[in-house]
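Data block below; observations after.
The values are calculated or read from the model by the stated rules, or taken from the named source; none is laboratory data. Here the structure is a predicted model, which is why all the values come from computation and not from measurement. As a convention, Cβ positions derive from the backbone with ideal geometry for all residues, glycine included, and neighbour counts pool all protein chains shown. Only protein heavy atoms, including side chains, enter the accessible area calculation; ligands, DNA and RNA are left aside. Shrake-Rupley method; radii C 1.70, N 1.55, O 1.52, S 1.80 Å.
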Amino acid sequence: MISVDGLAVEFSGHTLFSDVSFVINNNDKIALMGKNGAGKSTMMKIIAGVQKPTRGHVRSPKEAIIAYLPQHLLAEDNCSVFEEASKAFEIIYSMRDELESLNKQLETRTDYESDEYMSIIEKVTDIGEKYYSIEDVNYDKEVEKALLGLGFKREDFNRATSEFSGGWRMRIELAKILLKKPDLILLDEPTNHIDIQSVIWLENFLINKAKAVMVISHDKTFIDNITTRTVEVTMGKIYDYKANYSHYLELRADRRSHQIKAYKEQQKFIAESQRFIERFRGTYSKANQVNSRERLLDKLEIIEIDEIDNAALKLRFPPALRSGDYPVTIQDLSKKYDEHVVFKNANMTIERGEKVCFVGRNGEGKSTMIKAIMGEVEVEGICELGHNAQVGYFAQNQASLLDPTLTVFQTIDEVAVGEVRTQIKNILGGFMFSGDDIEKKVSVLSGGERTRLAMVKLLLEPVNLLILDEPTNHLDLKSKEVLKEALAAFDGTLVLVSHDRDFLKGLAKKVFEFKDKRVIEHFETVDDFLIRNRIENLKEIELLN
């Protein structure tokens with residue numbers, strides 16, 4: 001059991017949260033929720049021991065192992081993937097090596113009565129008790145299972161970590177965490193950089209193999225499936241619900257309705273009291289009552305209504321010309337880089353109005369196929385856009401294409417036409433740009449902010465073929481809902497690459513799976529496809545015994 005007692009964080013005169021206390025029990029699966037800036041990541045860092053609070057403590061048993069996966073890693077590049085993952089067992093390996101060294105000393109020494117000899121005996125006994133109490137495990141096999149489950153191939157094991165992107169390095173770190181079998185796993189946005197199959201694998205692992213888990217995530221399906229408890233950080237305090245995310249939303253709405261009712265009753269009482277005070281101030285016979293009410297108002301603790309944004313924001317793509325019957329046609333398409341084959345002899349026909357998604361592990365060619373459709377890479381075979389295809393394209397690097405000299409407002413004002421121009425501030429607010437944010441220059445925005453702005457810009461351009469490559473990586477739950485509603489109402493053709501199952505649910509009616517250098521067409525919804533994959537992934541998880 002890990003206890004959080006009276007945590008407070010203050011900086012520059014601002015209180016992030018104060019007097020926060022709760023307990024993390026064995027096998028708890030907790031979603032740590034709250035709006036951006038509420039202090040979720042800060043609280044997780046404090047529990048992980050990488051940041052100190054202004055006040056308060058986190059207490060845990062001495063032998064407890066707490067593992068933490070931050071959003072951004074600073075990894076070293078001095079070994080192979082397998083060697084880096086094996087560092088999960090470095091304490092055990094060091095114990096083994098020290099035991100071997102001490103035993104060799106005992107074999108060669110003859111000073112059996114000396115203090116040094118007895119000291120070595122004591123060390124061997126102490127370390128041996130700990131080492132031999134650990135379950136006998138084939139550590140190499142455990143590393144192999146974890147790496148394969150998280151999307152690596154055996155040929156990747158001996159490659160240097162420096163050859164891999166940030167997302168793949170995140171997986172290596174995740175593998176190390178899973179291999180340590182910690183008492184508490186802390187995960188800050190773990191699904192942002194892994195593909196949909198690996199998300200399913202991770203989800204099954206956390207449900208079936210992990211002990212206590214606390215996770216911050218904007219992936220609604222992920223947190224709904226793995227968590228049974230929700231701790232919400234809001235307005236400097238917390239609320240603790242024994243419920244998963246969807247149920248928590250219902251309970252929070254109920255809580256807020258009671259707050260609103262109590263707030264209105266309190267405001268009515270305050271107004272009546274103030275009218276009484278004003279009316280009878282200076283009246284001798286009412287002086288005691290006036291003073292009593294003034295003291296009561298001074299001591300009154302004003303009821304606060306929790307922050308929530310219920311703004312009804314609905315966006316629709318502006319009308320565009322009707323495209324031809326087949327906006328995308330691909331025949332016998334192949335792509336390779338030097339000797340590395342990405343895919344071979346791929347065939348794909350996407351009809352007008354179809355909504356399809358590309359799925360597959362990272363590196364199997366999903367983004368390459370999109371670049372081929374956009375004419376950004378050279379390929380062998382036929383890859384054609386249909387008649388009158390007006391393409392809206394959101395690439396993973398879309399943020400870098402924005403004009404850095406414009407403000408947030410100017411960026412959207414350039415593309416907004418008609419009545420929507422009167423709603424620019426509301427639209428930006430729906431994607432977390434509010435107040436002075438809209439006057440910021442694009443050049444000073446973070447990567448996540450630029451991504452959100454690029455998405456807003458795309459939503460306002462007239463297109464009939466929309467191609468989106470991982471559009472939700474930097475969007476919060478509200479922004480994703482706005483985007484999903486717009487896509488559901490979009491009457492054009494949609495090609496979507498995403499690892500976010502809740503986002504894909506109900507959108508894609510056909511799946512193209514990228515696997516083993518092939519593109520496989522599935523005439524089923526993404527939900528049906530994922531159900532089959534979940535069964536396959538559960539079989540993998542069952543092998544981790």
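From the phi angles alone, apply the Karplus equation (6.51, -1.76, 1.60; θ = phi - 60°) to the range 146-152 and give each ³J(HN,Hα) in whole Hz, x where the residue is Gly or Pro.
Running phi through 6.51 cos²θ - 1.76 cosθ + 1.60 with θ = phi - 60° gives 5, 5, 5, x, 8, x, 6 Hz.
Rank G37, S101, N25 by how far each Cα sits towards the positive end of the charge dipole of the range 1-144 (+1 on Lys, Arg Cβ; -1 on Asp, Glu Cβ) and give me just the farthest.
Among G37, S101, N25, the one farthest towards the positive end of the dipole of the range 1-144 is G37.
To make sure I understand the rule: partners must be aspartates and glutamates, Cα under 15 Å from the Cα of K209, and not fewer than 8 residues away in the same chain. Which ones qualify?
The reachable aspartates and glutamates, counting only those whose Cα sits under 15 Å from K209, are D28, E142, D183, E540, E542.
Which entries of K145/K505; K62/K141; K40/K242; K104/K141; K62/K211 show an alpha-carbon separation above 21 angstrom in the structure shown?
Working: K145/K505 29 Å; K62/K141 29 Å; K40/K242 18 Å; K104/K141 28 Å; K62/K211 17 Å.
Long pairs (Cα-Cα over 21 Å): K145/K505; K62/K141; K104/K141.
Can you count the Lys pairs in the range 355-458 whose Cα atoms are under 30 Å apart, with each pair 8 or more apart or on different chains?
Going through the range 355-458 pair by pair, I get 12.
I need the peptides 324-336, 195-207 ranked by packing, meaning the mean over residues of other C-beta atoms within 10 angstrom, with the highest value on top. Before the final figure, lay out each step's value.
Details: 324-336: 17.3, 195-207: 22.2.
Output ranking for 324-336, 195-207: 195-207, 324-336.
Ignoring everything except DSSP H segments at least 4 long, calculate the 222 nm mean residue ellipticity for the chain; use -39,500 (n - 2.57) per segment, divide by total residues, nearest 500. Let's see the in-between values first.
Numbers: 17 runs with 215 residues, N = 545.
Only helices count here, giving -12500 deg cm²/dmol.
Keeping the other protein chains in place, figure out the carbon and sulfur percent of the accessible area of the range 350-466, with a 1.4 Å probe. Don't skip to the end; give the middle numbers.
Details: 2370 of 5330 Å².
Of the solvent-accessible surface of the range 350-466, carbon and sulfur hold 45 percent.
Would you mind pulling out the separation of the Cα centroids of the range 399-414 and the range 191-238, in Å?
34 Å
List the pair-distance distribution P(r) of the range 278-431, using every Cα-Cα distance, as the percent of pairs falling in each 10 Å bin from 0 up to the bin containing the longest distance, rounded to whole percents.
It works out to 8, 21, 21, 17, 10, 6, 6, 7, 4, 1, in whole percents.
In whole Å, how far is the Cα centre of the range 449-469 from that of the range 243-308?
Measuring centre to centre over Cα atoms gives 45 Å.
Projecting each Cα onto the charge dipole of the chain (Lys/Arg +1, Asp/Glu -1 at the beta carbon, about the Cα centre), which of A416, G6, L402 comes out farthest on the positive side?
A416
With a 1.4 Å probe and every protein chain left in place, work out the accessible area per residue of the range 1-153 in Å², rounded to a whole number. It would help to have the intermediate numbers written out before the result.
Details: 9040 Å² over 153 residues.
Result: 59 Å² per residue.
With charges only on Cβ, +1 for K and R and -1 for D and E, what is the dipole size of the range 380-427 about its Cα centre, in debye, rounded to 20?
Details: 2 positive and 6 negative charges, 51 e Å.
Result for the range 380-427 is approximately 240 debye, rounded to the nearest 20.
Just the accessible area per residue of the range 446-528, please: how many Å² with a 1.4 Å probe? Don't skip to the answer; put the middle values down first.
Numbers: 2670 Å² over 83 residues.
I get 32 Å² per residue for this part.
Which aspartates and glutamates have a Cα lying under 15 Å from the Cα of K237, excluding residues fewer than 8 positions away in the same chain?
D5, E10, D19, E304, D306, E307
Ordered by packing density, taken as the mean number of other Cβ atoms within 10 Å over each peptide's residues, highest first, how do 234-246, 213-225 rank? Spell out each step's value before the answer.
Details: 234-246: 16.5, 213-225: 22.3.
Descending mean neighbour count gives 213-225, 234-246.
Rounded if a/c is under 1.5, else prolate if a/b beats b/c, else oblate: with a ≥ b ≥ c from the C-alpha gyration tensor eigenvalues square-rooted, which is the range 6-137?
Here the range 6-137 falls in the prolate category.
Report ³J(HN,Hα) in whole Hz for each residue of the range 499-515, in order, from the Karplus equation J = 6.51 cos²θ - 1.76 cosθ + 1.60 where θ = phi - 60°; Gly and Pro get x.
Result, ordered by residue: 9, 8, 5, 5, 5, 6, 4, x, 8, 8, 9, 9, 10, 10, 9, 9, 7 Hz.
So which chymotrypsin sites (Phe, Trp or Tyr not before Pro) in the range 15-122 end up in coil per DSSP with only 13 or fewer other C-beta atoms within 10 Å? The partial results should precede the final answer.
Working: sites: F17, F22, Y68, F82, F89, Y93, Y112, Y117; in loops: Y112.
Sparse-neighbourhood loop chymotrypsin sites (Phe, Trp or Tyr not before Pro): Y112.
Can you give the translational diffusion coefficient of the range 348-497 in µm²/s, computed by Stokes-Einstein from the Kirkwood radius over Cα pairs at 4 °C and 1.567 mPa s?
On the way: Rh = 16.4 Å.
Estimated via Stokes-Einstein, D reaches 79 µm²/s.
Report the relative contact order of the chain, percent, no decimals, based on alpha-carbon pairs under 8 angstrom and at least 6 residues apart.
On the way: 887 pairs, mean separation 82.4, N = 545.
Relative contact order of the chain: 15 percent.
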